[in-house]
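Beneath this line is the structure, given in structure tokens, with notes to follow.
The values are calculated or read from the model by the stated rules, or taken from the named source; none is laboratory data. Only a predicted model underlies this, so the values are computations on that prediction, with no experimental measurement involved. All Cβ positions, glycine included, derive from the backbone under ideal geometry; neighbour counts span all protein chains shown. The area values use the complete protein model at the heavy-atom level, side chains included, leaving out ligands, DNA and RNA. Shrake-Rupley method; radii C 1.70, N 1.55, O 1.52, S 1.80 Å.
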Amino acid sequence: LRLPPPPASPRHRAPTPQTERARRRGALCSAMRGTAARRLATVATAVPFRAPLARDGSHLRGRRTPLLLGHGRAAPLSSALAAPGAAVAGVRRGQATVSSTARPLLQPPAEEDEFGAIWLNTACGLDLEAPGVPTIAVIGPSRRGKSVLAGLLAGGDPGLFPQSHSSFQAMTSGTHVVEVPGIGPGGAALRLIDTEGLSHVGRSRGRREALVRQFLVSTYLTSSWVIWLDSEVLSTNFFTMMWLVHDYVVDILKVKDAAGDRLPRLMYIRTQETEVQQQEYREQGFASFFDKALAGHEDADILRQMFAPGGLHGHALPIWTVEDLEAFGSGGFWAAGHDTPFKAAVGSLRDRLLPASMAVADVAGASSEASAGPPLLALAALEQHLPRIARLEAFDPRDHEAAKVSRLRQHLRAAYGRGIGGKGVPGAAGAVRAATTTGLLNIFDPEDRDVRKHSLRIDEVVQARLEEQCRLMRLELEVASADPEVVATLVRFRGIAPAFSAAAAAFADEAGPLSEREILRAVVQAWRLDPAETKAALAATLKQAEGRFLEGSGLTEPEMRRLNMHEKIRWRIEDVVMRLRGKVAAQMLLLDEGADDDQAPTPALVWRIGEWRWKDAPQDGKTRPGRGAGKPREYAVWTDGASAVLYEERPRAGVFVGWPLERFAGVAALPLPEAKAGSAAGAGAAKAAEAEQPAAAEQTAVHFV
């Protein structure tokens, strides 16, 4: 809405306060004629909010335009919290911001479906599985300022919720939600829900009553605070709507027995108060006035049965002025320079709502149960019960099985990613990038204990882990197996399991030609310790392994190169070549084959070829390495040109000696290790051969230290 300042030139004067105020008022009046012009001025795509939505987030009638995802301005939450009397302190400027616009949450069924169930928009950009998220819902008759109040509680951005500023035109269809991050201790989020005016829900009386009941019950089950906004105190319309909810949640769901303190709270707000109306409670305050009015009402018991003990509260809002309207339209309602009775009343309301919501969030976060709310249900759990709510069928609001299945889905997503069978997580319109085959294969390692236990079949590993998680959660496996996301996860791993087995056989076989033991044998026996010859031979061997894998797995070559097992093999080949390039001729104390413990080692010149892993990988998992599977040992090769012996360096009696591992006869012509002239090995070779064993042992010990 703000126009750019005029260019600095002699022909353009600086605007005066009077002209600036007139310009803002004119822009605000233009925006009040219709929100379409304001949206087109701030975003590239605008969507009429009254058009019904399909389940994929697009519109059923007219052009299938995407949802409104952006807005030209988002006021920082710190500007709202910095207002006098703010309930939450310690939030620095710019620490958290509100999302640019609210998104549809609960939507009515198609008009041809006379008594169908409302549906949940899974593309609303929220984590639907998250339990216990503090949620404030604003409900009430039409034309009471619900969208404005929701926007003020969320930080004061006028673009969060659509408003018509009209006495006859409604802008909200169904319910819209926005999540405010970082508003509570530890960065907890708060959700604000704006609802369609109850006077505009449905057309026929039967359809209207059914839809109103569904919207109210669904909002009740997923809210921490229910705000009723009305122009009267305990109006007849209010109790009519509460009876619709009471007959279902109390008589059928029996929430009082099932939930107790986990029930939501009620904040009844009388808005647009005149000075005459304020006279009746001026001395005692509206809260006390509301308590007395409620105590004498004949239908007050239904509220005590529906809401948490001590959770019935009242609040009053005066008539907001043109100054409030201008401040809200410009995004400066919570600015320090704006001070009106309406702002003070809304600030007092925030002081009462936010600390209580955050206290509930702390209790829910400290509990081990996912349903420790309020809210009674997470949005994902509500989605499963929407058809039952439409048919007025009973279910347990504690929702033990559904909550456990929801927690199981979260566990699977944490272990294997969210793109396997999920319906949407926070992001652009709730979109989730699908999990790739290589990404899922890279989760597992052939050296894992459970992977070895199930003979490298990762589908059996996933099934076994699922059964163990169900046992820990005390969830029946049949119930978990009926969930579509769980089924999709099992089916996905069943389809890619052959690719993992083919990769393990080609690149991770400990007895195969690419294992370190077989490479070390071939280096000594066939490749003459030559790095160039070794590199060429291993490249040819890897090429053959890649061909077998591509033929047996069905994956493409780019997908194969992104596999961890293939990458490890390439690294292993590079390491082998580097070790051979760095081989040195050095002296080592060697033991004879079959030597006993008393035999003295003999010094000799050998090829030191670095660290290798001769033994197999640990068989009992990676968390507890098997014996002898720690740091790789140093290896050396003794040769006379026609035969060779592979030695492993081990400690013995305080010194390191070479233990024979394997003798190779008839090897290719190996180069003889020759000490360079002037080197320590060449100068001391003859002397060490004539010296006594203690002197040689002491020299070797110093050498290795």
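Is at least one residue of the stretch 323-331 in contact with a strand residue (DSSP E or B) (Cβ under 9 Å, 6 or more places away or on another chain) and within 24 Å of Gly347 (Cβ to Cβ)? No, there is no match, as no residue in the stretch 323-331 is in contact with a strand residue (DSSP E or B) (Cβ under 9 Å, 6 or more places away or on another chain) and within 24 Å of Gly347 (Cβ to Cβ). Looking at Val479, is it assigned to a helix (DSSP H, G or I) and open to solvent by less than 50 Å² (accessible area, probe 1.4 Å)? Spelling it out, it is not the case that Val479 is assigned to a helix (DSSP H, G or I) and open to solvent by less than 50 Å² (accessible area, probe 1.4 Å).
Quick grid of which residues meet (1) in contact (Cβ under 8 Å) with a residue 60 or more places away in the chain; (2) charged (D, E, K, R); (3) closer than 24 Å to Phe238 by Cα:
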position: Phe290; (1), (2), (3): no, no, yes
position: His297; (1), (2), (3): yes, no, yes
position: Ile302; (1), (2), (3): yes, no, yes
position: Gln305; (1), (2), (3): no, no, yes
position: His315; (1), (2), (3): no, no, yes
position: Ile319; (1), (2), (3): no, no, yes
position: Ala327; (1), (2), (3): no, no, no
position: Gly331; (1), (2), (3): yes, no, no
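Contact annotation: no residue pair with Cβ atoms under 6 Å, 6 or more positions apart or on different chains, pairs a residue in the stretch 276-287 that is under 13 Å from His315 (Cβ atoms) with a partner that is open to solvent by 80 Å² or more (accessible area, probe 1.4 Å) and of a type outside the set (D, E, K, R).
Taking the conditions (1) open to solvent by 30 Å² or more (accessible area, probe 1.4 Å); (2) at pLDDT 90 or above in turn, Phe333 satisfies each one other than (1).
Quick grid of which residues meet (1) surrounded by fewer than 19 Cβ atoms within 10 Å (Cβ to Cβ); (2) modelled with pLDDT under 85; (3) under 26 Å from Arg262 (Cα atoms):
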site	(1), (2), (3)
Ala89	yes, yes, no
Arg93	yes, yes, no
Thr97	yes, yes, no
Arg103	no, no, no
Pro108	no, no, no
Glu112	yes, yes, no
Ile118	no, no, yes
Ala123	no, no, no
Glu129	no, yes, yes
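Among the conditions (1) modelled with pLDDT of 90 or more; (2) touching a helix residue (DSSP H, G or I) at 6+ places or on another chain (Cβ under 9 Å), Ser348 misses just one, which is (2).
Here the stretch 412-430 is the region considered, the condition is being more than 27 Å from Ala508 (Cα to Cα) and open to solvent by 70 Å² or more (accessible area, probe 1.4 Å), and the residue that is modelled with the lowest pLDDT is Ala428. Yes or no: Arg388 modelled with pLDDT of 80 or more, open to solvent by 70 Å² or more (accessible area, probe 1.4 Å), part of a helix (DSSP H, G or I) and more than 21 Å from Asp483 (Cβ to Cβ)? It is false that Arg388 is modelled with pLDDT of 80 or more, open to solvent by 70 Å² or more (accessible area, probe 1.4 Å), part of a helix (DSSP H, G or I) and more than 21 Å from Asp483 (Cβ to Cβ).
For the stretch 219-233, the criterion of being part of a helix (DSSP H, G or I), in contact with a Leu (Cβ under 6 Å, 6 or more places away or on another chain), under 18 Å from Leu120 (Cα atoms) and modelled with pLDDT of 80 or more is met by at least one residue. On the basis of being open to solvent by less than 70 Å² (accessible area, probe 1.4 Å), in contact with a Pro (Cβ under 9 Å, 6 or more places away or on another chain), basic (Lys, Arg) and part of a helix (DSSP H, G or I), does Arg521 make the cut? So Arg521 fails the test. Being free of Cβ contacts under 8 Å to residues at least 40 places away in the same chain and either more than 39 Å from the chain's Cα centre (by Cα) or farther than 23 Å from Gly156 by Cα (or both) is the requirement here; does Glu273 meet it? Judged against the criteria, Glu273 is not a match.
Looking only at residues of the stretch 577-589 that are in contact (Cβ under 8 Å) with a residue 60 or more places away in the chain and under 21 Å from Arg528 (Cα atoms), we find that the one that is surrounded by the fewest Cβ atoms within 10 Å (Cβ to Cβ) is Ala586.
In the stretch 304-360, the residue that is nearest to Glu179 (Cα to Cα) out of those that are in a helix (DSSP H, G or I) and acidic (Asp, Glu) is Asp351. Could you run through the stretch 235-265 and say how many residues are touching a helix residue (DSSP H, G or I) at 6+ places or on another chain (Cβ under 7 Å), buried (at least 20 other Cβ atoms within 10 Å of the Cβ) and part of a loop (DSSP other than H, G, I, E, B)? Residues that pass the stated criteria total 2. Residue pairs whose Cβ atoms lie under 8 Å apart, separated by 6 or more positions or on different chains, with the first residue in the stretch 643-660 and closer than 21 Å to Arg517 by Cα and the second among the hydroxyl-bearing types (Ser, Thr, Tyr) and assigned to a strand (DSSP E or B), are Val645/Thr639; Leu646/Tyr635; Tyr647/Tyr635; Glu648/Tyr635; Glu649/Tyr635; Gly658/Tyr647; Trp659/Tyr647; Pro660/Tyr647. Scanning the stretch 482-509 for residues that are open to solvent by less than 60 Å² (accessible area, probe 1.4 Å) and assigned to a loop (DSSP other than H, G, I, E, B) returns Asp483, Ala508.
Only residues that are at pLDDT 75 or above, assigned to a loop (DSSP other than H, G, I, E, B) and open to solvent by 50 Å² or more (accessible area, probe 1.4 Å) were counted in the stretch 601-629, giving 1.
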